[in-house]
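FYI, it's all coordinate maths here, none of it is from the lab. Here the structure is a predicted model, which is why all the values come from computation and not from measurement. Virtual Cβ from ideal backbone geometry, glycine too; neighbours counted across all protein chains shown.
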Amino acid sequence: MSDERKIRILVAKPGLDGHDRGAKVIASAFRDAGFEVIYTGLHQTPEMIVAAAVQEDVDVVAMSVLSGAHMTLFPRVKKLLDEAGADQVLLTGGGIIPEDDVAELERRGIGRLFGPGTPTTTAIEYVNGWFAAQQTS
Amino acid sequence: MSTIERDVLGRAELGRLVERREEELAQLRARLAEWEESYDDTPRRDGPFTTISGREIAPLYTRVDRDGADEDEAVGLPGSYPFTRGPYATMYRTRLWTMRQFAGFASAEETNERYHYLLDHGQTGLSVAFDFPTLMGFDSDHPRSLGEVGVCGVAISSLADMERLFEGIPLDKVSVSMTINGPAVILFCFYVAAAEKQGIDPTVLRGTVQNDILKEYQAQHAWVFPPEPALRCIVDMFEWCSEHTPSYNPISISGYHIREAGSTAGEELAFTLRNAFEYVERGIARGLDVDSFAPRLSFFFDVHNDFFEEIAKLRAARRIWARGMKERYGATNPDSWRLRTHCQTAGVSLTAQQAENNIVRVAYQAMAAALGGTQSLHTNSMDETLSLPTEKAVRIALRTQQILAFESGVSNTIDPLAGSYFVESLTDELEREALALFDEIDALGGVVPGIEQGWFQQQIAGSAMRQQREVESGERVVVGVNHFLEGSEKIEIDTLKIDPEVERMQVARMSAMRAERDEATVASTLSALTGACRGEQNVVPYILDCARCYCTLFEIRAAMEEVFGSYKEPVFF
């Protein structure tokens, strides 16, 4: 990762789902890996998440969705990010998301989505790789 | 022989017995020292020889480990104090545990169909899973519900939905458990009103509403009101139910979600029991006789991977509860000392990789629940890390319980592991661990201050992180995830998908319901409820009035929120 500045990542829990074990584990793992981590807390609307992303000037928004509402929530946050002029922000995440839906969301411009059992290091490598590619492009 | 002569003889006999016992123990210690030597000289695997909760396990347990323990006092017999061996004298010889699969998805009609299916396949009780909007107190047509209606459970926004949910299911015959907490009192009133509509007298209702708000703040996070008004509603339920629905459990004090959120077995045990005692203290503070409500307090534990630790946890829970209720809270009715529990296998232990392996995990966990003496059981379906379960997966999960109950033989004798050096030592150890955690909680000022300071949440998150590190380092083997990976690359089982059409239909149905009801009655019952919240009356009859005239979940919630406010979590990670 870049020496000049830390990557800023917003870990977010959209919707009404309260299962935050994964979000907290991810937030801690990214912090331990040297990222600047902001965690939104629970029950956030897409509007609240995008406002926080813009205000905190983050590079990455990582959403944890275990509620099955991913097909509504990811596209909605993506659209609001674009509208707020934050289309360069990487929107990624994880949760209980069937493979077909992952493929469909990727087609709609969402970054990689990680399923149950993924090591935190895989997600960290992915974000680091994305960031490095951004810097050189 | 005179009494005095008998006494002298008796004492001499006792002295000889003690002497013999000490001699035997000394011999055992000597043989044990020899065994230890040979153990130390023999090469061993790397381990870890710890439970999933990080507890060190010795290679061998003997009588020495329980030297000094009073078997009669601590273990006793099933159905009698301190209930370590089970809450009932005859346990599964009289009645097997209730096989109760948690189910709910899409609309009330579709869930109703699944309930009929489960009952037709030999299930003996029902358990309702609500969708997230319902769990948080939002109607299906509320903007916050968008995309979540019927997705993770069934959408119930008013009495009308509750009536459809139980159509053709006689509520005087089938016991129903409902997993709802933040707005529990509202859904409970929908349920009572639905029973009334079936022409059933609420006094015969059997079942349980989870209604355990403390663990929501600590772990599961489906809350509505702040702690104090939420606790008031719970005590209102204790009071109302003891009179009007005497066979119904107004609470299921739950360790399940604490464990699933990442806690250890010891933390699950301690936090759950300490929460339970908090409810007892609140009831007593209200002026209720402890024996008027304590017999209907029920429990719900997780049954995780570590077979013996889970069995010991259930045995320790019964003992801690019995001792606390009798000695500390002065309950005199044995039913107040008797801990009755539901169990569910550990969802968090299931893997998306090689999902069929989950059938085996669930089977071992289910066996631990039976050996631990559970009163009812949900066995998870193999596909739950991927979606809500398919019918086939649910059937296998239910069959797992039936094989356990009818083929394995575990239900033939009561508490078969009692007297095992290991299981008894582990039971003692878990009890000690829980009591030490009680002291820590008391030092924080109690349960509510602990929640406000984020202490419970941080303990749970810390344990979750430790387990994650163990899995990622490979130290803790998870088959198909970090070891034995062949076959893990591609997920190849069917999953259940909820049609987005469900949300549209549910929203349309709500508009139709609103158009038909009497708006003037709706407004007046809601305003009466707000008044009751402001005063000190029991809120249950007021909510029941609202339910009967088809006020919606969110309307009732809002009427209460006006006085109670809403909960804001302390955010940290």
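With charges set only on the Cβ (+1 for Lys and Arg, -1 for Asp and Glu), what does the dipole of chain B come to about its Cα centre, in debye to the nearest 20?
Details: 56 positive and 87 negative charges, 178 e Å.
In debye, rounded to 20, chain B gives about 860.
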Angle check, please: helix B:307-323 long axis (alpha carbons) against the longest principal axis of chain B (alpha carbons), in degrees 0 to 90, nearest 10.
80
Simple label model, 7 Å out from Cα along Cβ direction - A:Ala132 to B:Glu429, nm:
4.5
Reachable lysines, given that their alpha-carbon falls under 24 Å from the alpha-carbon of B:Lys568 and they are not under 8 places away in the same chain
A:Lys13, A:Lys24, B:Lys215
Helix B:184-197 axis, angle to chain B major axis (alpha carbon atoms, nearest 10°)
70
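Got a sec? How would B:Leu14, A:Leu73, B:Leu417 order by Cβ neighbour count within 10 Å, fewest to most? Please report the intermediate quantities before stating the final value.
Details: B:Leu14 10, A:Leu73 26, B:Leu417 18.
Ascending number of Cβ neighbours within 10 Å: B:Leu14, B:Leu417, A:Leu73.
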Using DSSP to call loops (not H, G, I, E or B), can you name the trypsin sites (Lys or Arg not before Pro) in segment B:66-128 whose Cβ has at most 12 other Cβ atoms within 10 angstrom?
B:Arg95
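Checking a compactness column here: for chain B, what do you get for Rg(Cα) / (2.2 N^0.38 Å), N being the number of residues? Don't jump to the answer; show the numbers that get you there.
Numbers: Rg = 25.4 Å, N = 573, 2.2 N^0.38 = 24.6 Å.
In units of the 2.2 N^0.38 Å rule of thumb, it is 1.03.
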Label model pair B:Glu569, B:Arg282: point-to-point distance (7 angstrom along the Cα→beta-carbon line) in nm is 1.9
Over segment A:8-136, what relative contact order in percent results from Cα pairs under 8 Å that are six or more residues apart?
24
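Quick one: length gained pulling B:Asp41 to B:Val448 fully straight, 0.36 nm per residue minus the C-alpha distance? All intermediate terms of the calculation are to be shown ahead of the outcome.
Numbers: separation 407, 0.36 × 407 = 146.52 nm, distance 5.17 nm.
Length gained, B:Asp41 through B:Val448: 141.3 nm.
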Taking the Cα centre of each part, how many Å lie between segment B:1-49 and segment B:455-503?
46
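So how strong a dipole does the protein assembly as shown carry about its Cα centre when Lys and Arg Cβ are +1 and Asp and Glu Cβ are -1, to the nearest 20 debye? The partial results should precede the final answer.
Values: 69 positive and 106 negative charges, 175 e Å.
So the dipole magnitude of the protein assembly as shown works out to roughly 840 debye.
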For the protein assembly as shown, list the cysteines whose Cβ sits under 4.7 Å from no other cysteine Cβ?
B:Cys152, B:Cys189, B:Cys233, B:Cys241, B:Cys343, B:Cys533, B:Cys549
Quick shape check on chain A: root eigenvalues a ≥ b ≥ c of the Cα gyration tensor, a/c under 1.5 is rounded, otherwise prolate if a/b tops b/c, else oblate, and it reads rounded
Please name which of B:Ser252, B:Gln353, B:Ile451 has its Cα lying farthest along the dipole of the protein assembly as shown towards the positive end, using unit charges on Cβ (Lys, Arg +1; Asp, Glu -1) and the Cα centre as origin.
B:Ser252
Give the lysines whose C-alpha is closer than 30 Å to that of B:Lys173, dropping any in the same chain fewer than 8 places away, or say none.
B:Lys197, B:Lys392
Among B:Ala316, B:Ser298, B:Gly287 - extreme Cα towards positive end, dipole of segment B:264-323, charges at beta-carbon
B:Gly287
Treat each spin label as a single point 7 Å out from the Cα along the C-beta direction, and report the B:His116 to B:Glu24 distance in nm.
6.2
Run the helix sum for the protein assembly as shown: -39,500 (n - 2.57) per DSSP H stretch of 4+ residues, divided by residue count, reported at 222 nm to the nearest 500 deg cm²/dmol.
-15500 deg cm²/dmol
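Shape of segment B:1-89 from its Cα gyration tensor (a ≥ b ≥ c, root eigenvalues): rounded if a/c is under 1.5, otherwise prolate when a/b > b/c, or oblate? Let's see the in-between values first.
Details: a/c = 5.42, a/b = 1.53, b/c = 3.55.
Since a/c reaches 1.5 but b/c is at least a/b, the shape of segment B:1-89 is classed as oblate.
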per DSSP, antiparallel bridges as share of beta bridges in chain B, % nearest 5, sits at 5
Can you put A:Ile7, B:Ile186 in order of Cβ neighbours within 10 angstrom, beginning with the fewest?
A:Ile7, B:Ile186
What angle, in degrees between 0 and 90 and rounded to the nearest 10, separates the Cα long axis of helix B:553-564 from the longest principal axis of the Cα atoms of chain B?
70
R0 = 45 Å: FRET efficiency of B:Arg206 with B:Arg534, Cβ-based, nearest 0.05?
0.85
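Go ahead and run the numbers for FRET between A:Glu104 and B:Val410, Cβ-Cβ distance against an R0 of 41 Å, rounding to 0.05.
On the way: r = 46 Å, r/R0 = 1.12.
The value I calculate is 0.35.
Tell me the net charge near B:Gly104. Cut-off is 10 Å between Cβ atoms, B:Gly104 excluded, with +1 for each Lys or Arg and -1 for each Asp or Glu. Spell out each step's value before the answer.
Numbers: positive: B:Arg114; negative: B:Glu110, B:Asp131.
Summing Lys/Arg as +1 and Asp/Glu as -1 gives -1.
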Here the whole-number average of other chain Cβ atoms within 10 Å per Cβ of A:20-33 is 5
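Please identify the chymotrypsin sites (Phe, Trp or Tyr not before Pro) of segment B:17-60 that satisfy two criteria: DSSP loop assignment and at most 12 other Cβ atoms within 10 Å. Which are they? Each step should come with its number before you reach the end.
On the way: sites: B:Trp35, B:Tyr39, B:Phe49; in loops: B:Phe49.
Counting only loop positions with at most 12 other Cβ atoms within 10 Å, the chymotrypsin sites (Phe, Trp or Tyr not before Pro) in segment B:17-60 are B:Phe49.
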Formal net charge of residues neighbouring B:Glu424 (Cβ-Cβ distance under 14 Å; K, R +1; D, E -1)
-3
Added length on full extension, which subtracts the Cα-Cα distance from 0.36 nm per residue, B:Asp439 to B:Arg469
7.9 nm
Residues whose modelled amide H sits under 5 Å from the amide H of B:Thr208, counting only those 5 or more places away in sequence or on another chain, are B:Val176, B:Ser177, B:Met178, B:Asn249
Does the protein assembly as shown come out rounded, prolate or oblate by the C-alpha gyration tensor, with a ≥ b ≥ c the root eigenvalues, rounded set by a/c under 1.5 and, if not, prolate when a/b is larger than b/c and oblate if not?
oblate
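Roughly how big is segment B:496-572's charge dipole about its Cα centre, with Cβ charges of +1 (Lys, Arg) and -1 (Asp, Glu), in debye to the nearest 20?
Working: 9 positive and 12 negative charges, 19 e Å.
Dipole magnitude for segment B:496-572 comes out near 100 debye.
Within segment B:409-502, report the trypsin sites (Lys or Arg not before Pro) that DSSP leaves as loop and that have at most 11 other Cβ atoms within 10 Å.
Details: sites: B:Arg432, B:Arg466, B:Arg469, B:Arg476, B:Lys490, B:Lys497; in loops: B:Arg476, B:Lys490, B:Lys497.
Passing both the DSSP loop test and the Cβ count: B:Lys490.
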Apply the Karplus parameterisation 6.51 cos²θ - 1.76 cosθ + 1.60, with θ equal to phi minus 60°, to every residue of segment B:430-444 and state each ³J(HN,Hα) to the nearest whole Hz, in sequence, with x for glycine and proline.
5, 4, 4, 4, 5, 5, 5, 5, 4, 4, 5, 5, 4, 5, 7
Given R₀ = 41 Å, what would the calculated FRET efficiency be for B:Leu485 paired with B:Asp65, taking r from the Cβ atoms and rounding to 0.05?
0.60
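Loop sites only, by DSSP: take the GluC sites (Glu not before Pro) in chain B that have at most 15 other C-beta atoms within 10 Å and name the longest stretch containing none of them. Kindly include the intermediate steps, with their values, before the conclusion.
On the way: sites that count: B:Glu167, B:Glu407, B:Glu475, B:Glu486, B:Glu489, B:Glu492, B:Glu536.
Free of exposed loop sites, the longest segment is B:168-406.
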